[in-house]
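*Asks:* Quick one: the structure is below, and I'll ask about it shortly.
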Amino acid sequence: QVQFVESGGGLVQPGGSLKISCAASGRRLSMYAMAWYRQAPGKQRELVATITSGGATNHGDSVKGRFTISRDNAKNTVYLQMNSLNPEDTAVYYCNKYPWRTGSWGQGTQVTVSS
């Protein structure tokens, strides 16, 4: 079973940037479409961006033009570059397969946007 470890989150000021990473172990990611999800306090987990095994991407309307998902299959890692961050982006960010049906979640990485 594949396991995920997210990293790279932190505290950033509005308008700032962060790049978060998701390292996988147990399976090769190259066979899967992958996604970043996020969960803000008191809200349900939401889909942020997806990337196919071939590298085609799709980004949610709330992050389009600001966030970019990418993958490095040789490193078994998925990334999310986040620019022009605003307080509404504050959440715990998780990666997982897309679509997620079964399997465990990592611990996530906290992203806090605040002045």
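The values are calculated or read from the model by the stated rules, or taken from the named source; none is laboratory data. What you are looking at is a predicted structure, and each value in this text was computed from that prediction instead of being measured. Every residue, glycine among them, receives a Cβ derived from its backbone with ideal geometry; neighbour counts consider all protein chains shown. Heads up: the accessible areas ignore ligands, DNA and RNA and are worked out on the full protein's heavy atoms, side chains in. Shrake-Rupley method; radii C 1.70, N 1.55, O 1.52, S 1.80 Å.
*Asks:* How about the range 13-51: which trypsin sites (Lys or Arg not before Pro) there are in a DSSP loop, with at most 12 other Cβ atoms within 10 Å of their Cβ?
*Replies:* Working: sites: K19, R27, R28, R38, K43, R45; in loops: R27, R28, K43, R45.
Passing both the DSSP loop test and the Cβ count: R28, K43.
*Asks:* Quick check on the chain: of the DSSP beta bridges with both residues there, what percent are antiparallel, nearest 5%? Before the final figure, lay out the partial values.
*Replies:* Working: 34 of 37 bridges.
If we restrict to bridges inside the chain, about 90 percent are antiparallel.
*Asks:* Whole angstrom only: what separates the Cα centroid of the range 13-27 from the Cα centroid of the range 53-88?
*Replies:* Computed from Cα coordinates, the inter-centre distance equals 9 Å.
*Asks:* With a 1.4 Å probe and every protein chain left in place, work out the accessible area per residue of the chain in Å², rounded to a whole number. Mind showing how you got there, number by number?
*Replies:* Values: 6030 Å² over 115 residues.
Counting only protein heavy atoms, the per-residue value for the chain is 52 Å².
*Asks:* Would you mind telling me the share, in percent, of accessible area of the chain contributed by carbon and sulfur at probe 1.4 angstrom?
*Replies:* Details: 2880 of 6030 Å².
On the chain, the fraction of accessible area on carbon and sulfur atoms equals 48 percent.
*Asks:* Still on this structure, please answer the following. List the aspartates and glutamates whose Cα sits under 16 Å from the Cα of K19, skipping any in the same chain fewer than 8 residues away.
*Replies:* Excluding near neighbours in sequence, the set is E6, D72, D89.
*Asks:* Add +1 for every Lys or Arg and -1 for every Asp or Glu among the other residues with Cβ under 12 Å from the Cβ of A24, and state the total. Kindly include the intermediate steps, with their values, before the conclusion.
*Replies:* Numbers: positive: R27, R28, R71, K75, K97; negative: E6, D72.
Around A24, the surrounding residues sum to +3.
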